[in-house]
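Notes follow once the structure below has been shown.
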Amino acid sequence: MRPDDLQAFLRTRIPLSNAMAVEVRAASADEVSLSVPIVPNVKHRDTVFGGSASALAILAAWAKLRTALKKTAALPLEDATSAMIQVGFTTQTSPE
């Protein structure tokens, strides 16, 4: 899968990725790399908002699984098996 295909999918199917300005840097069965600018994801202390960091990690994990499923199933992305992150935990060790 090409990064721009995953980018388009995220933009149209997961609206939060638009609000966060998620950018797909790499997308393959072996690697998914996402990034976000700090401006739409900043909190009052000029550091990244924990919810944005958590959402980005979940999006990356979901995209990696979906990309691998797409390759394994040899189906168009829209037809690939649905994947859902059921539980996630993040820890921020030091707020600035």
Can we say residue 65 is without any contact (Cβ under 8 Å) to a residue 60 or more places away in the chain, surrounded by 15 or more Cβ atoms within 10 Å (Cβ to Cβ), assigned to a helix (DSSP H, G or I) and more than 10 Å from the chain's Cα centre (by Cα)? yes
Regarding segment 44-56, can at least one residue be identified that is loosely packed, with under 14 Cβ neighbours inside 10 Å, more than 17 Å from residue 88 (Cα to Cα) and free of Cβ contacts under 8 Å to residues at least 40 places away in the same chain? yes
Restricting to segment 1-34, and then to whatever is among the hydroxyl-bearing types (Ser, Thr, Tyr) and over 22 Å from residue 89 (Cβ atoms), can you tell me which residue is surrounded by the most Cβ atoms within 10 Å (Cβ to Cβ)? 28
Tally time: how many residues in segment 44-96 are small (Gly, Ala, Ser), over 19 Å from residue 10 (Cα atoms) and at pLDDT 85 or above? 1
What tally of residues in segment 1-46 results from selecting those that are assigned to a loop (DSSP other than H, G, I, E, B) and closer than 14 Å to residue 64 by Cα? 6
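The values are calculated or read from the model by the stated rules, or taken from the named source; none is laboratory data. Since the model is a prediction, treat every value here as computed from it, not as a measurement. With ideal geometry, Cβ positions are generated from the backbone for all residues, glycine too; neighbour counts draw on all protein chains shown.
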